[in-house]
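Everything below concerns the one structure shown next.
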Amino acid sequence: MNLSPLQTARYEYSPKLPGMLRNGISEICVKEGAPTQSVADQDKIAALFPNTYGKCEITFEKGQNTAPAKKQVVGVILSGGQAPGGHNVITGLYDALKATNKENVLLGFKGGPDGLLKNDYVEFDDAFIDAYRNTGGFDIIGSGRTKLETEEQFNIVAENAKKNGLTAIVIIGGDDSNTNAATLAEYMAAKGTGIQVIGCPKTIDGDLKNEDIEASFGFDTATKTYSELIGNIERDANSAKKYWHFVKVMGRSASHVALECALETQPNICLIGEEVAAKKMSLAQITNYIADSVANRAANGDNFGVAIIPEGIVEFVPEFSALIAEINELLAGEATDKFNALPTWDDKYAFIKAGLSESAFAVFDILPAGIQQQLFLERDPHGNVQVSLIESEKLFSELVKNELKKRKAAGTYNGKFSPLHHFFGYEGRCAFPSNFDADYCYSLGYNACMLIQYGYTGYLSKVSNISKPAEEWVAGGMPITKMMNIERRNGADKPVIRKALVELDGKPFKFFEANREKWAVETCFTYPGAIQYYGPSSVCDITTRTLALEKG
Ligand code: FBP
């Protein structure tokens, strides 16, 4: 393998563990806290998880390790979208297993949950693990999005687990994957398999957090990577003074990534989906909000700027979601074939006009032609519009352009508007983990081993107090059922981990809200620069602005 100088250097990096895990395995004891309850729907969740509900929160402390000495054979999977630090969860888990007992075994199941279903795995050894320490990506074993949720799938997983003598399974994933981890843990307990299941909180989207989980891993590195790029674009914009940059950033649904990047870079505009939904903002209102910034800056001679658009924005615009729901209905069943058979876009347009309600068509009609076609041409296998593929950065720049034309005609605007478009998503998901993510992930993996050794199941590996230096971090575990409630999914009530959206009364949003009026008109850009791995701790170990504001 050809190694870059940074990769070679990162192999040597020793991730920092929480203070209580630093004295060696024989010096880690466990303290049980109070029994827990789910965040809502307690009776229903308790009934669905009779074997794993209501368990105690646990914290590790310095003290004599009293866990039973038992050989562990652990299986691990990476599930869902890539997030920087996933490799370190595995290396932390491996190191802790080997430090506990050299005979312990770690199997990596390939391609996400599919690996467990197909019994496709690799056994890790030192050389294998060493090649992935402190590196980005999920290429160590790959990932996948298959959902583990049916009884039939659980039977297969249990069979394969038995075949390999597994004592525990570690699932590294987001809210859906950890919901499935809780269900699998319950299944394994109900069947008396003795196989424990532990989850680890991953996602760059930052929406797997709550009063127990302060941050999902990967959010720190991904937002730092996007913020570096946005800061560079801001500086280019401020140098050339001729472009408005519309930057879409990942985050399937929640706007945590957009908000964090805005806090890091102070752009002129940042849309927050949760606010758009709460205020029931229309496309016209959002367009006017951006156009006002463009016009006010133009009045000061600044015909340039930067706007951050969250990937999930359109689903939060009520009239847009209503339009999408109608399109999905319009093309249900055989209608899709009928639509596809129409020879020209004009014929298709007439079909759409006849099929949509007046209000939905009014929204459709103001969309740029490219977006209109995208809504009908790119659909998933069920015929639904693929909202994540909608180029919302182009949608809003086009709507703003049209609005500015009107203002020009009315004599209320006399600037120049040249938009450029960017989408930052995949660029950040496999970056070398920041020191924070390298340390946090290694600790989550190490901690997962401790939970296994002490016999826990249905727990999420938990490391808290993470806005402080690693020495002060607190390691432990939380029953996954504590984070669950009942939600409607695909027409049925399902127990799921509650997804965390941006809180409009939370400190990060409040800070943004208090400053954005000034940022919209003045040039207040800040330039975070590239992630630093070596140098003063005040530069290299800082975590996100979101976490710093949340934790005061
Ligand atoms: P997870 O929720 O699995 O962590 O993935 C999040 C994400 O990175 C989103 O930000 C993005 O919308 C999506 O994955 C992209 O998915 P894919 O990798 O399948 O294109």
Only one of these conditions is not met by GLY301: (1) at pLDDT 95 or above; (2) more than 21 Å from ARG407 (Cβ to Cβ); (3) away from the ligand (no atom under 16 Å from the Cβ); (4) in a loop (DSSP other than H, G, I, E, B). Which number is it? (2)
Looking at (1) within 16 Å of the ligand (Cβ to nearest atom); (2) open to solvent by 20 Å² or more (accessible area, probe 1.4 Å), which is the only condition LEU208 fails? (2)
The listed residue being acidic (Asp, Glu) and out of contact with any Phe, Trp or Tyr (no Cβ under 9 Å at 6 or more places or on another chain), out of GLU186, GLU149, GLU234, GLU228: GLU149
Candidate set from region 420-441 (those that are open to solvent by 40 Å² or more (accessible area, probe 1.4 Å) and within 16 Å of the ligand (Cβ to nearest atom)); member that is farthest from VAL294 (Cα to Cα): CYS430
Here is a check on your reading of the model: is PHE417 over 23 Å from TRP345 (Cα atoms), in contact with a strand residue (DSSP E or B) (Cβ under 8 Å, 6 or more places away or on another chain), aromatic (Phe, Trp, Tyr) and more than 16 Å from the ligand (Cβ to nearest atom)? yes
Hits in region 213-247 (condition: in a loop (DSSP other than H, G, I, E, B), away from the ligand (no atom under 13 Å from the Cβ), of a type outside the set (A, V, I, L, M, F, W, C) and buried (at least 19 other Cβ atoms within 10 Å of the Cβ)): GLU214
For region 185-205, which positions are within 16 Å of the ligand (Cβ to nearest atom), open to solvent by 10 Å² or more (accessible area, probe 1.4 Å) and aliphatic (A, V, I, L, M)? none
So which residues in region 146-178 are polar (S, T, N, Q), surrounded by fewer than 24 Cβ atoms within 10 Å (Cβ to Cβ) and assigned to a helix (DSSP H, G or I), if there are any at all? GLN153, ASN155, ASN160
I'd like the full set of residues that are β-branched (Val, Ile, Thr) and within 31 Å of the chain's Cα centre (by Cα), limited to region 60-92. VAL73, VAL74, VAL76, ILE77, VAL89, ILE90, THR91
State all residues of region 265-286 that are buried (at least 22 other Cβ atoms within 10 Å of the Cβ) and among the polar types (S, T, N, Q); if no residue qualifies, say none. THR265, GLN266, ASN268
Scan the strands (runs of 3 or more DSSP E) fully inside region 457-536 and keep the ones with 2 or more residues being within 19 Å of the chain's Cα centre (by Cα), more than 30 Å from LYS242 (Cβ to Cβ) and touching a residue at least 60 places away in the same chain (Cβ under 8 Å). 459-464, 492-497
Only residues that are within 15 Å of the ligand (Cβ to nearest atom), closer than 18 Å to THR221 by Cβ and either open to solvent by 10 Å² or more (accessible area, probe 1.4 Å) or not in a loop (DSSP other than H, G, I, E, B) (or both): list them for region 253-264, please. HIS256, VAL257, ALA258, LEU259, GLU260, CYS261
Being surrounded by fewer than 16 Cβ atoms within 10 Å (Cβ to Cβ) and among the aliphatic types (A, V, I, L, M) is the filter here; which residues of region 1-50 pass it? MET1, LEU3, LEU6, ALA9, ALA34, ALA40, ALA46, ALA47
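Yes or no, residue by residue, for (1) open to solvent by 60 Å² or more (accessible area, probe 1.4 Å); (2) of a type in the set (Lys, Arg); (3) more than 33 Å from the chain's Cα centre (by Cα):
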site: ASN340; (1), (2), (3): yes, no, yes
site: LYS353; (1), (2), (3): yes, yes, yes
site: LEU367; (1), (2), (3): no, no, no
site: ASN384; (1), (2), (3): no, no, no
Applying the selection to region 93-123, what residues are on the phi < 0 side of the Ramachandran plot, surrounded by 23 or more Cβ atoms within 10 Å (Cβ to Cβ) and either under 21 Å from the mean Cα position of the chain (by Cα) or among the hydroxyl-bearing types (Ser, Thr, Tyr) (or both)? TYR94, PRO113
For region 304-338, name all the residues that are open to solvent by less than 30 Å² (accessible area, probe 1.4 Å), in a loop (DSSP other than H, G, I, E, B) and farther than 22 Å from SER282 by Cβ. PHE304, LEU331
Looking at (1) away from the ligand (no atom under 12 Å from the Cβ); (2) surrounded by fewer than 24 Cβ atoms within 10 Å (Cβ to Cβ), which is the only condition ALA182 fails? (2)
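Out of everything in region 355-365 that is free of Cβ contacts under 8 Å to residues at least 12 places away in the same chain and not aliphatic (A, V, I, L, M), what residue ends up being surrounded by the most Cβ atoms within 10 Å (Cβ to Cβ)?
Restricting to residues being free of Cβ contacts under 8 Å to residues at least 12 places away in the same chain and not aliphatic (A, V, I, L, M), the top hit is PHE361.
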In region 66-109, what count of residues is obtained for those that are within 13 Å of ILE452 (Cβ to Cβ) and either part of a strand (DSSP E or B) or polar (S, T, N, Q) (or both)? 10
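The values are calculated or read from the model by the stated rules, or taken from the named source; none is laboratory data. These numbers were taken from a predicted model, which means no experiment stands behind them. Reconstructed Cβ throughout: ideal geometry from the backbone, glycine too, with neighbour counts over all protein chains shown. Note: areas computed on protein heavy atoms with side chains; ligands, DNA, RNA excluded. Shrake-Rupley method; radii C 1.70, N 1.55, O 1.52, S 1.80 Å.
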